[in-house]
Amino acid sequence: MKNKIIIILFSSFILMLFIGLFTNTRIINSPLIGKELPDFNLPLLGSTEIINAQILPKEPFLLNVWASWCLECIKEHHELMQINKDKNIQIIGINYKDEKQDARGWLEIYGNPYTYNLYDYDGEFAINLGVYGVPETFLVDKYRVIRAKYIGAITNEIYYNEIIPLVKKLNDQN
């Protein structure tokens, strides 16, 4: 009897590991998916002007949470520059818990792929989005409804295999 319990427990453990191999942990089923972006009043990174959601694009866009102190953001940044160059989708940045001069210097060094960059010094807007690390990226439709959330760096594979097909689907629904 004892051997049967051990075999069942071991088999269950192996099954969980096997299922984990095929689970995409970069896409998170956030409770905000299918809901509108939370309201915000934030300054633009290079300005003291306070803006709100009215400044956001009237078409699908990526909302990318980043920081100059984030090493993974450096890895992701090359891909964001390429996405910006492709002109398939706009990227709105949210600079998270950073110093303005550090963030602006970082963009001068690495380039600026963002249409707008919101400055979220205290992280309140990011917390309202459910962000618990950087980088995190949200795909938002033209109605400002969150359609997907990606944790970690956006890669070429994620962009072409997941984001672009979803953007095409969102655009075809109109």
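Here TYR150 fulfils each of the conditions (1) part of a loop (DSSP other than H, G, I, E, B); (2) within 15 Å of the chain's Cα centre (by Cα); (3) among the hydroxyl-bearing types (Ser, Thr, Tyr) apart from (1).
The single condition among (1) assigned to a helix (DSSP H, G or I); (2) more than 24 Å from LEU37 (Cα to Cα); (3) more than 14 Å from the chain's Cα centre (by Cα) that TRP69 does not meet is (1).
Only one entry in GLU157, GLU162 is assigned to a helix (DSSP H, G or I) and crowded, with 17+ Cβ neighbours inside 10 Å, namely GLU162.
For region 19-33, does any single residue satisfy the condition of being basic (Lys, Arg), modelled with pLDDT under 95, touching a Phe, Trp or Tyr at 6+ places or on another chain (Cβ under 6 Å) and assigned to a loop (DSSP other than H, G, I, E, B)?
Yes; the residues of region 19-33 include at least one that is basic (Lys, Arg), modelled with pLDDT under 95, touching a Phe, Trp or Tyr at 6+ places or on another chain (Cβ under 6 Å) and assigned to a loop (DSSP other than H, G, I, E, B).
If we keep just the residues of region 84-140 that are without any contact (Cβ under 8 Å) to a residue 60 or more places away in the chain and among the hydroxyl-bearing types (Ser, Thr, Tyr), which is nearest to ILE33 (Cα to Cα)? In this case the residue turns out to be TYR132.
The values are calculated or read from the model by the stated rules, or taken from the named source; none is laboratory data. What you see is a predicted model; the values in this text were computed from it and never measured. Backbone-built Cβ (ideal geometry, glycine too); neighbour counts: all protein chains shown.
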